[in-house]
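Right, one structure below, let's go through it.
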Amino acid sequence: MIILEPSVGVKKKTGINFDILSDILTLVFERNHKRDLNIYAKVHLSRVPDTSLCEAISNTHYLIKLDQTAKQTKKFVFSSLLHELRHCFQNHIWSYWPDSTKFKTYTEYFRSKEEVDARKAERLTREIIKMYDMHLAFNEKFRKVGLNKLG
């Protein structure tokens, strides 16, 4: 299961329901990796300008810091989360965690296999947003029709 635990600041700034997003990401990634994933990630705002990053606390616990200087659109937040979650998968599934100190230049870092791999995950942004929006619409209709109670 993938659990995203946002800080109060992230909740306020993004307005995203992270419980629903966690459920969607769990469904998508566990099915496609054909294994259970046990990832718990706290999501905070980064204090480093123009930077989103992920820190491994353990093989299952992570701290994702989202860039707070960028406009917090749904597309930006979801693509950033997908990118950083891919780094979590690199560690959790393949026991690979990048050593960012080994890069001498930004170009070297940008072209590294772990960053190229993480940017591939961003290509799922549109589909994850559609699933998220459809889930919210479904929940609203479920309540509106009265299926959450008898009668």
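Details
- Residue check, GLU84 modelled with pLDDT of 95 or more and either crowded, with 18+ Cβ neighbours inside 10 Å or more than 28 Å from GLY15 (Cβ to Cβ) (or both): yes
- Entry remark, region 23-73: residues being in contact with a Ser or Thr (Cβ under 6 Å, 6 or more places away or on another chain), closer than 21 Å to GLU127 by Cα and surrounded by fewer than 17 Cβ atoms within 10 Å (Cβ to Cβ) number 0 in total.
- Restricting attention to region 84-114, the residues that are more than 16 Å from TYR62 (Cα to Cα) and either touching a Phe, Trp or Tyr at 6+ places or on another chain (Cβ under 6 Å) or in contact (Cβ under 8 Å) with a residue 12 or more places away in the chain (or both) add up to 4.
- With respect to (1) surrounded by 19 or more Cβ atoms within 10 Å (Cβ to Cβ); (2) closer than 14 Å to ILE16 by Cα; (3) without any contact (Cβ under 8 Å) to a residue 60 or more places away in the chain, the lone exception for VAL77 is condition (3).
- If you filter region 10-22 down to residues that are assigned to a helix (DSSP H, G or I), in contact (Cβ under 8 Å) with a residue 60 or more places away in the chain and buried (at least 18 other Cβ atoms within 10 Å of the Cβ), you find that the one that is farthest from the chain's Cα centre (by Cα) is THR14.
- For region 51-71, filtered to residues that are of a type in the set (S, T, N, Q) and in contact with a strand residue (DSSP E or B) (Cβ under 8 Å, 6 or more places away or on another chain), the residue that is modelled with the highest pLDDT is THR60.
- Looking only at region 116-129, and only at residues there that are under 15 Å from the mean Cα position of the chain (by Cα) and over 15 Å from ASN32 (Cβ atoms), the one that is surrounded by the most Cβ atoms within 10 Å (Cβ to Cβ): ALA118
- Looking only at region 91-113, and only at residues there that are touching a helix residue (DSSP H, G or I) at 6+ places or on another chain (Cβ under 6 Å) and either buried (at least 17 other Cβ atoms within 10 Å of the Cβ) or not hydroxyl-bearing (Ser, Thr, Tyr) (or both), the one that is farthest from PRO6 (Cα to Cα): PHE103
- All conditions but one from (1) under 22 Å from ASP99 (Cα atoms); (2) under 11 Å from the mean Cα position of the chain (by Cα) apply to THR26; the one that does not is (1).
The values are calculated or read from the model by the stated rules, or taken from the named source; none is laboratory data. Please read these numbers as outputs of a predicted model, since none were measured by experiment. So basically every Cβ, Gly included, is an ideal-geometry build from the backbone, and we count neighbours across all protein chains shown.
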